[in-house]
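Working notes for the structure below.
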Amino acid sequence: MHKQIVIIGGGPAGLAAAVAAKDSGIDDIVVIERASSPGGILMQCIHNGFGLHTFKEELTGPEYAERFIRKAEERNIEILLSTFAIDITADKTVTCMSRDKGIFTIEADAIILAMGCRERPRGALNTPGYRPAGIYSAGTAQKLVNLEGKMPGSEVVILGSGDIGLIMARRMTLEGAKVKAVAEIMPYSGGLKRNIVQCLDDFSIPLLLSTTVVDIAGKDRVESVTLAKVDEKLNPIPGTEEVVKCDTLLLSCGLLPENELSQQMGVTLSPVTGGPVVDESLETSIEGVFAAGNVLHVHDLVDYVSEEASNAGAKAAEYVKGLSGKAGKGTGYKVETGNGVRYTVPTIIHPEKVSDLTTIRFRVGNVYKNPEICVYIGDRCVIRRKKMICAPGEMEQVVLKKDDIATLKDGETVKVLLENI
Amino acid sequence: MEKKTMTCINCPMGCQVTVEYELKDGKADPGSFVITGNTCPRGKTYAESEMTDPVRTVTGTVSVTGGELPVVSVKTDRPVPKDLVMDVADELMKIKAASPVKIGDIVAANICGTDANIVATSNVRVC
């Protein structure tokens, strides 16, 4: 089988990319989705607050997904459900597997990677103890409760104060469980303020900062966990241990872009984001292979996933139509970070390929009050924006004008940094 | 003089906003509010609404009979008083919807006397 554009993943990124590619004039598109229905992780995110930027109203996850599923249906976009992409080669041959079709391959002119991210598992946390039942990632618990109608336990401790952990603290409480504490190893929460207030404060659930789990007791089932304070180097402080009785431990300890397929095909990954290195067109190190959404870098808001993926879809369509890329492109200009900015997406800009406006998304490495977000093109400051606060948990963005990018000269770079910190 | 401290949710600053107030007929008297700790006007507005009429949209699931999934996700179609959130959650546990259920279907009306309806936020087909 041959397709002009193959999209790996039918979650919010894959659906938005497919819709945009179709609207850009490419009809020969297929979306590969391993679940039995499209929508991705949104389907289990039944809380509200999605879509404020895109639709100017607060939707729940499934409602947000439905809007994009409908757009895909209206455009007759082919979605292969219950189908795994198990390999992609550098020449863009995708090997897929499904119960109906067995193993088959699709040759693609362009590929959009939209596989999303995964939760950091217990094995990556080095927490001592046996392997009793009752330890779940927060997302697994979310799936059990919200899609399968099963409660993972009744007395809960949550490690990590990422948004999924906070959301699950409230969800488990509403379903009758007792959430005893949320422990966060950092001195601040990575979750949104709104979630801390509405998921913890509203239910008097304590958020224990600079605290981690140092032991898990129980052999068949979790019986208790031991919490301890940590010092500035995040090492547990002896003498601060406290045993908390519980039957369930939920882990909300970070999300990792899921790039096994990208690595198999030889796409260059960023050591900071864990996602592919991309240019202004969201094109990876392999020509005609694009990436968007949480596979590229983990987002806070699905609205920005959709926006980014739409861009990737449009750029992939341009590529297929031969409007860009195929003739070969220059090496481009680097986007450098400094002074509090941890990473940017993209990290390469080709002035000859940019649209009128180019969005650069980034995260800062710490909490900064009253910083100025600055962008320099060469030594020329083109953006200086005062902020009341920048925090690691909130993605920032700057939008560059084509005319400014056009002034880049050999040997210069684009720099994104914070000043006045 | 009574006193209440809350975290503003409008931005990552998370200002600790303190409201000092007098009680009038057992309720906080808005005329007496002295609001401190906010960095911007949004903090003041937030504190006032949290003191006088705190509301939340409740989301959850209800059981479904005869569906491809055992539960369907739901929400209150308007925010309900914060004090009633747990009561609404308890009511949700008693509701049984019959499949098929479509987004927007009302599965329970006027929940806990709040005027809010419980509406489905996902689709569950007949299995």
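Could you order B:Met51, A:Met97, A:Met172 by accessible surface area, starting with the largest, using a probe radius of 1.4 Å?
Sorted by accessible area, descending: A:Met97, B:Met51, A:Met172.
Convert each backbone phi in segment B:41-48 into a coupling constant with the Karplus relation 6.51 cos²θ - 1.76 cosθ + 1.60 (shift: θ = phi - 60°), then list the ³J(HN,Hα) values in order as whole Hz, x for Gly and Pro.
x, 4, x, 5, 4, 4, 4, 4
How big is the charge dipole of chain A about its Cα centre, in debye rounded to the nearest 20, if each Lys and Arg gets +1 on its Cβ and each Asp and Glu gets -1 on its Cβ?
That gives a dipole near 460 debye.
How many lysine pairs does segment A:121-253 hold where the Cα atoms are under 23 Å apart and the two sit 8 or more places apart or on different chains?
Here the count comes out as 17.
In whole Å and largest first, what semi-axes does the C-alpha gyration tensor of chain A yield when each eigenvalue is scaled by 5 and square-rooted?
37, 28, 19
Label 7 Å along Cα→Cβ of A:Glu260; segment A:91-128 residues with amide nitrogen under 16 Å?
Residues A:95-98, A:114-124 fall inside that zone.
Just how far, in whole angstrom, is segment A:346-421 from segment A:102-121 if you go by their alpha carbon centroids?
30 Å
For helix A:302-320, what angle does its Cα long axis make with the longest principal axis of chain A, in degrees from 0 to 90 and rounded to 10?
In chain A, helix A:302-320 runs at an angle near 30 degrees to the longest axis.
Quick one, what does Rg over Rh come out to for segment B:59-120 if you take C-alpha atoms and the Kirkwood Rh?
Rg/Rh for segment B:59-120 comes to 0.96.
Please give every one of the aspartates and glutamates within straight-line cross-link reach of B:Lys4, meaning a C-alpha to C-alpha distance under 14 Å, and leave out same-chain neighbours fewer than 8 residues apart.
A:Asp201, A:Asp202, B:Glu20, B:Glu22, B:Asp29, B:Glu48, B:Glu50
If you rank A:Lys71, B:Lys24 by how much accessible surface each has, with a 1.4 Å probe, what is the order from largest down?
B:Lys24, A:Lys71
Skipping prolines and chain starts, which residues have an amide H placed within reach, meaning under 5 Å, of the one on A:Ala114, given they are 5 or more residues away or on another chain?
A:Ile8
As an exercise, take the mean of 1/r over every pair of distinct alpha carbons in segment A:262-372, invert it, and state the Kirkwood radius in angstroms.
14.7 Å is the Kirkwood radius here.
Measure off 7 Å from each Cα along the Cα-to-Cβ vector at A:Val243 and B:Glu2, then give the distance between these two points in nanometres to one decimal.
It is 4.1 nm.
Can you run phi through the Karplus equation (6.51, -1.76, 1.60; θ = phi - 60°) for segment A:229-242 and list ³J(HN,Hα) in whole Hz, with x for Gly and Pro?
6, 10, 8, 5, 8, 6, 8, x, 9, x, x, 9, 5, 9
By average Cβ neighbour count within 10 Å, what is the ranking of A:188-199, A:380-391, A:288-299, B:31-42 from highest down?
Going from most to least packed, we get A:288-299, A:188-199, A:380-391, B:31-42.
Longest span of chain A, sites excluded, free of GluC sites (Glu not before Pro) in DSSP loop with at most 11 other C-beta atoms within 10 Å?
Value returned for the longest uninterrupted segment is A:233-421.
Per the Kirkwood treatment, what hydrodynamic radius in Å, one decimal, follows for segment B:2-53 from the mean inverse distance over all distinct Cα pairs?
11.0 Å
Report the accessible area of A:His2, computed with a 1.4 Å probe over the heavy atoms of all protein chains in place, in Å² rounded to the nearest 10.
We get 90 Å² for A:His2.
So who's got an amide H within less than 5 Å of the one on B:Thr61, skipping anything under 5 residues away but keeping other chains? H placed 1.01 Å off N, in plane.
B:Val74
Partner chain Cβ atoms within 10 Å, averaged over the residues of A:42-53 - can you pull that number for me?
For peptide A:42-53, the averaged partner shielding equals 3.
How high is the FRET efficiency between A:Asp23 and A:Leu81 when r is their beta carbon distance and R₀ equals 22 Å, given to the nearest 0.05?
It comes to 0.45.
Once you place label points 7 Å from the Cα toward the Cβ at A:Glu58 and A:Arg131, how far apart are they in nm?
4.1 nm
Once you list every other residue whose beta carbon is under 13 Å from the beta carbon of A:Val277, what net charge do they have if Lys and Arg are +1 and Asp and Glu are -1?
In short, -2.
Would you work out which of B:Ile103, B:Thr45, B:Val74 lies farthest towards the positive end of the dipole of chain B? Charges go on Cβ: Lys and Arg +1, Asp and Glu -1.
B:Ile103
What angle do you read, to the nearest 10 degrees and between 0 and 90, between the alpha-carbon axis of helix A:12-23 and the longest principal axis of chain A?
20 degrees
Would you kindly work out the equivalent ellipsoid of segment A:330-421 from its C-alpha gyration tensor and give its semi-axes, the square roots of five times the eigenvalues, largest first in whole Å?
23, 12, 11
Peptide A:72-79: average number of partner chain Cβ atoms within 10 Å per residue?
Mean partner shielding for this stretch: 0.
Nearest 100 Å² is fine: what is the total accessible surface buried where chains A and B meet, probe 1.4 Å?
2500 Å²
For segment A:191-243 and segment B:65-88, what is the separation of their C-alpha centers, rounded to whole Å?
Their Cα centres are 29 Å away from one another.
Using a Förster distance of 60 angstrom, determine the FRET efficiency expected from the C-beta separation of B:Ser63 and A:Thr331, and round it to 0.05.
After rounding to 0.05, the efficiency reads 0.55.
Angle, helix A:163-174 long axis vs. longest principal axis of chain A, Cα atoms, 0 to 90°, nearest 10?
On a 0 to 90 degree scale, this one is about 50.
At 7 Å along the Cα-to-beta-carbon direction for both A:Glu73 and B:Thr45, put a label point, then send me their distance in nm to one decimal.
With each label point 7 Å from Cα toward Cβ, the separation is 3.7 nm.
Average partner chain C-beta neighbours within 10 Å, per residue of B:9-16?
If you average over the peptide's residues, the count of other-chain Cβ atoms is 6.
Would you mind telling me the share, in percent, of accessible area of segment A:121-253 contributed by carbon and sulfur at probe 1.4 angstrom?
Answer for segment A:121-253 is 53 percent, counting heavy atoms of protein chains only.
So what is the calculated 222 nm ellipticity per residue for chain B, using -39500 (n - 2.57) for each DSSP H run with n of 4 or more, over all residues, to the nearest 500 deg cm²/dmol?
-4500 deg cm²/dmol
Would you list which lysines come within 16 Å of B:Lys3, measuring only between C-alpha atoms, while excluding same-chain residues fewer than 8 positions from it?
Of all the lysines, those that pass the test against B:Lys3 - Cα under 16 Å, at least 8 places apart if same chain - are B:Lys24, B:Lys27, B:Lys44.
The values are calculated or read from the model by the stated rules, or taken from the named source; none is laboratory data. Keep in mind the model is a prediction, meaning the values are calculated, not measured. Every residue, glycine among them, receives a Cβ derived from its backbone with ideal geometry; neighbour counts consider all protein chains shown. These area figures cover heavy atoms from the full protein model, side chains too; ligands, DNA and RNA do not enter into them. Shrake-Rupley method; radii C 1.70, N 1.55, O 1.52, S 1.80 Å.
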